[in-house]
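Peer 1: This structure is in structure tokens; I'll ask about it shortly.
The values are calculated or read from the model by the stated rules, or taken from the named source; none is laboratory data. These numbers were taken from a predicted model, which means no experiment stands behind them. Using ideal geometry, Cβ is built from the backbone for each residue, glycine included, and neighbour counts are taken over all protein chains shown.
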């Protein structure tokens, strides 16, 4: 396993982490037995960064990780998130009030069966709570030893600067892949200026970059992709054509499209640690194979040209979810 350091505080993790959300929600039915086998296999292969959140389930994903990982806690790093208001199992807006942050952390620690959270993200920026208050609250939790590092998810450049000025931010998480490159112009330059690591989620474009995507109507209503604008109608057809170039490069290297997409992302900088999500051991092993792929400059450039922002059709979230992205 290769390792990378996120941020200037020396947070060392495996070069690929594991996104655990799909084990509990969003992408088809849960399969606890296979999810537990995947977590076991990830540790066996040297993965150390496991990404979850209270809202995944809600709550059930943290509990799953707690059961699976507690006995091997010293070998892994757990990242989780606060920032949503959850009423009767449903998300009802955002909430990053200091008192709520503390409530979430205490509950997450219990579900995860641990005494500390290695990396605590604000899941979405709360416009009603000053970022200095959020960062200050997490800073005090770090002083108490309940949290080790502070992160932000889907935060804009101004919010990142404001948070970092109050307490050092170790990592920022956002969507980034060949298929979604919105962070390249404004977010990545700020992170590198401030010495903050970057953790891309959905690095395989929710299946588009693996060649396995289906039209939105093919997925059940409980699947995130059922309402994803990029999976609908003409957008789906256009995006499948745009992503075909990944398969062309994969054929030359005799690897899978997923491995090419992850290798491209890993080559974008040593401060980047993607967290491809899966609940299947075979996909975990496939993803980890990307660490052995070294793309030459010519292929990097070809991929860069083929999947620019104007080649991708449709917004990356529906209107309601896009409203929560701080840009």
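Peer 1: Considering each of 144, 175, 184 in turn, give the residue that is over 23 Å from residue 125 (Cα atoms) and either surrounded by fewer than 15 Cβ atoms within 10 Å (Cβ to Cβ) or in contact (Cβ under 8 Å) with a residue 40 or more places away in the chain (or both). Spell out how you get there, then give the answer.
Peer 2: Values: 175 fails: over 23 Å from residue 125 (Cα atoms); 184 fails: over 23 Å from residue 125 (Cα atoms).
From the options 144, 175, 184, the qualifying one is 144.
Peer 1: Give just the number: which of (1) more than 14 Å from the chain's Cα centre (by Cα); (2) closer than 19 Å to residue 123 by Cα; (3) free of Cβ contacts under 8 Å to residues at least 40 places away in the same chain does residue 71 not satisfy?
Peer 2: Evaluating residue 71 over (1) more than 14 Å from the chain's Cα centre (by Cα); (2) closer than 19 Å to residue 123 by Cα; (3) free of Cβ contacts under 8 Å to residues at least 40 places away in the same chain leaves (2) as the failure.
Peer 1: Spot the failing condition for residue 213; the list is (1) crowded, with 19+ Cβ neighbours inside 10 Å; (2) touching a residue at least 40 places away in the same chain (Cβ under 8 Å); (3) in contact with a helix residue (DSSP H, G or I) (Cβ under 7 Å, 6 or more places away or on another chain); (4) not in a helix (DSSP H, G or I), and only one is missed.
Peer 2: The one condition residue 213 does not meet is (2).
Peer 1: Criterion first (without any contact (Cβ under 8 Å) to a residue 60 or more places away in the chain, farther than 12 Å from residue 55 by Cβ and surrounded by 13 or more Cβ atoms within 10 Å (Cβ to Cβ)) does residue 134 satisfy it? Walk me through how you get there before you give the answer.
Peer 2: Working: without any contact (Cβ under 8 Å) to a residue 60 or more places away in the chain: yes; farther than 12 Å from residue 55 by Cβ: yes; surrounded by 13 or more Cβ atoms within 10 Å (Cβ to Cβ): yes.
It is true that residue 134 is without any contact (Cβ under 8 Å) to a residue 60 or more places away in the chain, farther than 12 Å from residue 55 by Cβ and surrounded by 13 or more Cβ atoms within 10 Å (Cβ to Cβ).
Peer 1: Go through the residues of region 305-320 one by one and say whether even a single one is more than 21 Å from residue 244 (Cβ to Cβ), surrounded by fewer than 18 Cβ atoms within 10 Å (Cβ to Cβ) and free of Cβ contacts under 8 Å to residues at least 60 places away in the same chain.
Peer 2: Yes, region 305-320 has at least one match.
Peer 1: So, in region 6-32, of the ones that are within 14 Å of the chain's Cα centre (by Cα) and either in a loop (DSSP other than H, G, I, E, B) or modelled with pLDDT under 90 (or both), which residue ends up surrounded by the fewest Cβ atoms within 10 Å (Cβ to Cβ)?
Peer 2: This residue is 26.
Peer 1: Here is a follow-up. Just to verify a result, which residue in region 237-260, among those that are closer than 20 Å to residue 315 by Cα and in contact (Cβ under 8 Å) with a residue 40 or more places away in the chain, is surrounded by the fewest Cβ atoms within 10 Å (Cβ to Cβ)? First the steps, then the outcome.
Peer 2: Quick first cut of region 237-260, residues closer than 20 Å to residue 315 by Cα only: 237-244.
Those left that are additionally in contact (Cβ under 8 Å) with a residue 40 or more places away in the chain: 238-239, 242-243.
Values: 238: 15, 239: 22, 242: 20, 243: 24.
Here the answer is 238.
Peer 1: Continuing with the same structure: Return only the number of the condition from (1) more than 30 Å from residue 15 (Cα to Cα); (2) crowded, with 20+ Cβ neighbours inside 10 Å; (3) out of contact with any helix residue (DSSP H, G or I) (no Cβ under 8 Å at 6 or more places or on another chain) that residue 202 does not satisfy.
Peer 2: (1)
Residue-by-condition table, conditions (1) surrounded by 21 or more Cβ atoms within 10 Å (Cβ to Cβ); (2) at pLDDT 95 or above; (3) assigned to a strand (DSSP E or B); (4) touching a helix residue (DSSP H, G or I) at 6+ places or on another chain (Cβ under 8 Å):
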{"site": "42", "(1), (2), (3), (4)": "yes, yes, no, yes"}
{"site": "50", "(1), (2), (3), (4)": "yes, yes, yes, yes"}
{"site": "78", "(1), (2), (3), (4)": "yes, yes, yes, yes"}
{"site": "81", "(1), (2), (3), (4)": "yes, yes, yes, no"}
{"site": "96", "(1), (2), (3), (4)": "yes, yes, no, yes"}
{"site": "99", "(1), (2), (3), (4)": "no, yes, no, no"}
